[in-house]
1. If you check Phe60 against the conditions, is it at pLDDT below 95, over 23 Å from the mean Cα position of the chain (by Cα) and not in a strand (DSSP E or B)?
2. Take Leu87 and decide whether it is in contact with a Ser or Thr (Cβ under 7 Å, 6 or more places away or on another chain), among the aliphatic types (A, V, I, L, M) and either touching a residue at least 40 places away in the same chain (Cβ under 8 Å) or within 22 Å of Arg15 (Cβ to Cβ) (or both).
3. Looking at Glu227 and the list (1) in contact (Cβ under 8 Å) with a residue 12 or more places away in the chain; (2) farther than 20 Å from Glu107 by Cβ; (3) over 14 Å from the mean Cα position of the chain (by Cα), which single condition is not satisfied?
4. Which numbered condition trips up Lys16, out of (1) surrounded by 15 or more Cβ atoms within 10 Å (Cβ to Cβ); (2) part of a helix (DSSP H, G or I)?
5. Please list, ordered by first then second residue, the pairs with beta carbon atoms under 6 Å, 6 or more apart or interchain, first in the stretch 94-105 and closer than 18 Å to His120 by Cβ, second part of a strand (DSSP E or B).
6. Looking at the stretch 134-177, which of the residues that are part of a strand (DSSP E or B) and farther than 20 Å from Tyr202 by Cβ is most open to solvent (accessible area, probe 1.4 Å)?
7. Among (1) of a type outside the set (A, V, I, L, M); (2) surrounded by fewer than 19 Cβ atoms within 10 Å (Cβ to Cβ); (3) under 24 Å from the mean Cα position of the chain (by Cα), there is one condition Arg205 misses while meeting the rest; what is its number?
8. Might you let me know whether the stretch 70-88 holds any residue that is of a type in the set (Phe, Trp, Tyr) and part of a strand (DSSP E or B)?
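The values are calculated or read from the model by the stated rules, or taken from the named source; none is laboratory data. A quick note: this is a predicted structure, and the numbers were derived from the prediction, not measured. Every residue, glycine among them, receives a Cβ derived from its backbone with ideal geometry; neighbour counts consider all protein chains shown. Note: areas computed on protein heavy atoms with side chains; ligands, DNA, RNA excluded. Shrake-Rupley method; radii C 1.70, N 1.55, O 1.52, S 1.80 Å.
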Amino acid sequence: MRIDKLLSNSGFGSRKEVKILLKSKAVEVNGETVRDPKFHVDEKADDVSVAGEPVVYREFIYLMMNKPQGVISATEDRFDETVIDLLTEDEQRFEPFPVGRLDKDTEGLLLITNDGKLAHELLSPKKHVDKTYYAKIDSPVTDEDIEAFKQGVVLDDGYETKPAQLHILRSGDESEIELTITEGKFHQVKRMFESVNKQVVYLKRLSMGMLQLDETLELGEYRELTEDELTKLKQRK
């Protein structure tokens, strides 16, 4: 890894700021002064220090976000604000990405990381990672809907969903439900309700695997995962 990237990811500033740091002769690798930002180091084996203080390299970042409406689950977009735009420059330097996607008008739990292996494990259809949503529906939700979702419903493109667990919190002119699915087709929750002639008017993701949304997070806020949360998430992948 280039020394400027290692130092930047370790909190020593932007690439430009790190170049200035290198020119000041404050950086040493295995006891030798390094000034070239392109100098390659082995982040696991080499001893890197700044002004005599050892650098502890951090490879991965794991963030839980309460995604707000109007923001898209992407790393960049020409027209809309993305979830990555909500992060600080220090966090963006890790080049993180959202694990899966929530629709632009959907709120709730979103995992953001640069750990590609973990992301792949969580999104793999073979892993059947549970995802639970809270939703408001524009009409009464019935026991028949529970049974239909349990058996799997046919979406508008002919795809038959895997069994899902539908729990009715309140049924009425505007119903409230929780739905747990094990796959993530495009607009799946909305399309599942459309298959039974109902419309989702509000949607929020509550959990992904063992990871539960921290309800103290306001919309647009995020925090790092705790060690316990990360351990549970990796155990469930």
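1. Numbers: at pLDDT below 95: yes; over 23 Å from the mean Cα position of the chain (by Cα): no; not in a strand (DSSP E or B): yes.
Spelling it out, it is not the case that Phe60 is at pLDDT below 95, over 23 Å from the mean Cα position of the chain (by Cα) and not in a strand (DSSP E or B).
2. Details: in contact with a Ser or Thr (Cβ under 7 Å, 6 or more places away or on another chain): no; among the aliphatic types (A, V, I, L, M): yes; either touching a residue at least 40 places away in the same chain (Cβ under 8 Å) or within 22 Å of Arg15 (Cβ to Cβ) (or both): yes.
Against the criterion (in contact with a Ser or Thr (Cβ under 7 Å, 6 or more places away or on another chain), among the aliphatic types (A, V, I, L, M) and either touching a residue at least 40 places away in the same chain (Cβ under 8 Å) or within 22 Å of Arg15 (Cβ to Cβ) (or both)), Leu87 does not qualify.
3. (1)
4. Of (1) surrounded by 15 or more Cβ atoms within 10 Å (Cβ to Cβ); (2) part of a helix (DSSP H, G or I), only one is false for Lys16: (1).
5. Cβ pairs passing all conditions: Pro96/Ile112; Pro96/Thr113; Pro98/Leu110; Pro98/Ile112; Val99/Leu111.
6. Taking the stretch 134-177 as the starting set, the residues that turn out to be part of a strand (DSSP E or B) are 134-137, 154, 160, 165-170, 175-177.
Then drop every residue that is not farther than 20 Å from Tyr202 by Cβ, which leaves 154, 160.
On the way: Val154: 84, Glu160: 109 Å².
Taking the candidates together, the pick is Glu160.
7. Only one criterion is unmet by Arg205, namely (2).
8. Narrowing the stretch 70-88 to residues of a type in the set (Phe, Trp, Tyr): 79.
Now drop any that are not part of a strand (DSSP E or B), which leaves none.
Within the stretch 70-88, none of the residues are of a type in the set (Phe, Trp, Tyr) and part of a strand (DSSP E or B).
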